[in-house]
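**Student:** Just dropping this structure here.
The values are calculated or read from the model by the stated rules, or taken from the named source; none is laboratory data. Bear in mind the structure is a predicted one, so any value in this text is a computation, not a measurement. Note that each Cβ is placed from the backbone with ideal geometry, even for glycine, and that neighbours are counted across all protein chains shown.
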Amino acid sequence: MTDTTAAPAPHTPATALLLGATGLVGGHVLDLLLADPAYTRVTVLGRRPVARMHPKLDQRTADFERLREDHAISFAVDDVFCCLGTTIKAAGSQEAFRRVDHDYVVSAARAAAEHGARRYLLVSAAGASARSRIFYNRVKGEAEDAVRAQPLDGVVILRPSLLMGERAETRTGEQIAQRIMPALDWMMVGPLRRYRPIEAATVARAMVRLAKEKTRGVRVLESDEIQQTGGA
């Protein structure tokens, strides 16, 4: 599902901004960016610092309610990687969930467009649709639509299925699903392939690879496409 053209990737130094570095996918993205010589500076905006030190890492504590007001300069980069996300249980209410997974995501995309970022790469979710009857999927879809509307050179939206990996915080439902779903993987064929569990590290690799391709326009990848793009 794409409306994009891939331009040749010139070997020029790039800068990146990462939101959600303490999360499952974000942590892997941070590792990849710091290890990649194509990126000369990696800025992390978060409510708390990550336990990392690196010569090209610039950590900044942020109030996400005031991203555009207080952190405009942080968005003057080539690539913005948005890995923000929570659950309704962790957020405490549907309203608080929407604030993180929609409002903060969209605010960051607007700041990126306003301050010259080239590309905005977003981790969304399988099933995201503004027309969904499921609240979680509807919020994700509304956020996607708002991000697409921003005047950026490139927008990449990744819709992973169940994420596999070790989280810093405990999510009981996900832990149970992570044990059960791999055993059902053989059933996920044809259209169901997009719902196979996927490693968070694979999603991170796909994000960074797509950023380095200098993708233009809007590109949306379902989980099976992410697997192909981010495979080791």
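Yes/no matrix, rows are residues, columns are (1) of a type outside the set (Ser, Thr, Tyr); (2) in contact with a Gly (Cβ under 6 Å, 6 or more places away or on another chain); (3) under 25 Å from GLU199 (Cβ atoms):
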{"position": "ILE73", "(1), (2), (3)": "yes, no, no"}
{"position": "LEU84", "(1), (2), (3)": "yes, yes, yes"}
{"position": "ALA91", "(1), (2), (3)": "yes, no, yes"}
{"position": "GLN94", "(1), (2), (3)": "yes, no, no"}
{"position": "GLY116", "(1), (2), (3)": "yes, no, no"}
{"position": "SER124", "(1), (2), (3)": "no, no, yes"}
{"position": "VAL139", "(1), (2), (3)": "yes, no, yes"}
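**Student:** Another one. Any idea which of (1) out of contact with any helix residue (DSSP H, G or I) (no Cβ under 6 Å at 6 or more places or on another chain); (2) within 27 Å of ALA232 (Cβ to Cβ) is the one VAL25 doesn't satisfy?
**Tutor:** Only one criterion is unmet by VAL25, namely (1).
**Student:** Criterion first (closer than 24 Å to ILE198 by Cα, within 15 Å of the chain's Cα centre (by Cα), surrounded by 14 or more Cβ atoms within 10 Å (Cβ to Cβ) and hydrophobic (A, V, I, L, M, F, W, C)) does LEU45 satisfy it? Even if it seems obvious, please write down each step before you answer.
**Tutor:** Working: closer than 24 Å to ILE198 by Cα: no; within 15 Å of the chain's Cα centre (by Cα): yes; surrounded by 14 or more Cβ atoms within 10 Å (Cβ to Cβ): yes; hydrophobic (A, V, I, L, M, F, W, C): yes.
The answer is no for LEU45.
**Student:** Does any residue of the range 55-75 turn out to be aliphatic (A, V, I, L, M), within 16 Å of ALA113 (Cβ to Cβ) and either more than 18 Å from the chain's Cα centre (by Cα) or assigned to a strand (DSSP E or B) (or both)?
**Tutor:** First, pick out the residues of the range 55-75 that are aliphatic (A, V, I, L, M): 57, 62, 67, 72-73.
If we keep only those that are within 16 Å of ALA113 (Cβ to Cβ) as well, we get 67, 72-73.
After this cut, where a residue has to be either more than 18 Å from the chain's Cα centre (by Cα) or assigned to a strand (DSSP E or B) (or both) as well, the list is 72-73.
The answer is yes; a qualifying residue exists.
**Student:** Further question: Inside the range 216-232, can you point out the residues that are modelled with pLDDT under 95 and more than 23 Å from SER129 (Cα to Cα)?
**Tutor:** Correct list: GLY231, ALA232.
**Student:** From the list PHE75, PHE81, PHE97, pick out the single residue that is farther than 20 Å from VAL155 by Cβ and either surrounded by 14 or more Cβ atoms within 10 Å (Cβ to Cβ) or small (Gly, Ala, Ser) (or both). Before the answer, list the steps.
**Tutor:** On the way: PHE75 fails: farther than 20 Å from VAL155 by Cβ; PHE81 fails: farther than 20 Å from VAL155 by Cβ.
Answer to the selection: PHE97.
**Student:** Looking at ARG133, ARG66, ARG148, can you tell me which residue is over 19 Å from VAL42 (Cα atoms), in contact (Cβ under 8 Å) with a residue 24 or more places away in the chain and surrounded by fewer than 19 Cβ atoms within 10 Å (Cβ to Cβ)? Walk me through how you get there before you give the answer.
**Tutor:** Numbers: ARG133 fails: in contact (Cβ under 8 Å) with a residue 24 or more places away in the chain; ARG66 fails: in contact (Cβ under 8 Å) with a residue 24 or more places away in the chain.
Just one listed residue meets the conditions, ARG148.
**Student:** Still on this structure: So PRO151 passes all but one of these: (1) under 28 Å from LEU162 (Cβ atoms); (2) not in a strand (DSSP E or B). Which condition number does it fail?
**Tutor:** It is condition (1) that PRO151 fails.
**Student:** Which residue out of GLY26, GLY46, GLY20 is farther than 26 Å from SER223 by Cα and touching a strand residue (DSSP E or B) at 6+ places or on another chain (Cβ under 9 Å)?
**Tutor:** Values: GLY26 fails: farther than 26 Å from SER223 by Cα; GLY20 fails: farther than 26 Å from SER223 by Cα.
Matching residue, one of GLY26, GLY46, GLY20: GLY46.
**Student:** Can you find, within the range 208-232, the residue that is surrounded by the fewest Cβ atoms within 10 Å (Cβ to Cβ) among those that are among the small types (Gly, Ala, Ser) and farther than 21 Å from ALA21 by Cβ?
**Tutor:** If we filter the range 208-232 for residues that are among the small types (Gly, Ala, Ser), which is where we start, we get 211, 217, 223, 230-232.
Subsequent filtering for residues that are farther than 21 Å from ALA21 by Cβ retains 217, 223, 231-232.
On the way: GLY217: 15, SER223: 24, GLY231: 10, ALA232: 6.
Step by step, filter the range 208-232, then rank; the result is ALA232.
**Student:** Taking the range 1-45, which residues are part of a strand (DSSP E or B), at pLDDT below 95 and not acidic (Asp, Glu)? Even if it seems obvious, please write down each step before you answer.
**Tutor:** Filtering the range 1-45 for residues part of a strand (DSSP E or B) gives 2-6, 14-19, 39-45.
Next cut, at pLDDT below 95 only: 2-6.
Those that are part of a strand (DSSP E or B), at pLDDT below 95 and not acidic (Asp, Glu): THR2, THR4, THR5, ALA6.
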